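The values are calculated or read from the model by the stated rules, or taken from the named source; none is laboratory data. Since the structure is predicted, the reported quantities are computational estimates derived from the model, not experimental observations. With ideal geometry, Cβ positions are generated from the backbone for all residues, glycine too; neighbour counts draw on all protein chains shown.
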């Protein structure tokens with residue numbers, strides 16, 4: 001009987017350690033961020049600016065095109081956006097979405113270390129293709 005208790009206690013202890021290990025791995029995994037965009041129907045315009053160039057995009061066709069470039073293929077990332085300090089990054093493209101309620105969301109598009117990024121402040125930093133980057137620049 002005493003031997004059975006030891007075996008049972010050992011099995012319970014091993015199972016408990018496995019569960020604790022799974023819990024710790026879950027807590028320290030990389031958080032995944034998803035790009036947030038409002039419904040396209042709520043957007044009345046985009047304002048795209050880089051350096052001293054600025055362009056207001058307000059036609060329905062252009063809004064749909066810019067929206068789809070920003071949305072991409074349901075962008076996901078594990079790189080958090082913590083603030084809006086870009087350090088040595090030059091030529092940042094600022095994209096403001098203007099809604100019916102006069103509220104705006106801001107996104108930043110830039111090139112860093114030969115990789116193109118779309119950053120949503122306080123959310124995530126998402127990789128974009130060179131083609132997507134250039135499609136937005138065509139509006140300037």
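Please list, ordered by residue number, the strands (runs of 3 or more DSSP E) wholly in the stretch 32-118 having 1 or more residues that are touching a residue at least 60 places away in the same chain (Cβ under 8 Å) and within 16 Å of residue 138 (Cβ to Cβ).
43-50, 53-57
Any chance the stretch 56-64 includes a residue that's within 21 Å of the chain's Cα centre (by Cα), surrounded by 13 or more Cβ atoms within 10 Å (Cβ to Cβ) and either closer than 17 Å to residue 104 by Cβ or at pLDDT below 85 (or both)?
Yes, because at least one residue in the stretch 56-64 is within 21 Å of the chain's Cα centre (by Cα), surrounded by 13 or more Cβ atoms within 10 Å (Cβ to Cβ) and either closer than 17 Å to residue 104 by Cβ or at pLDDT below 85 (or both).
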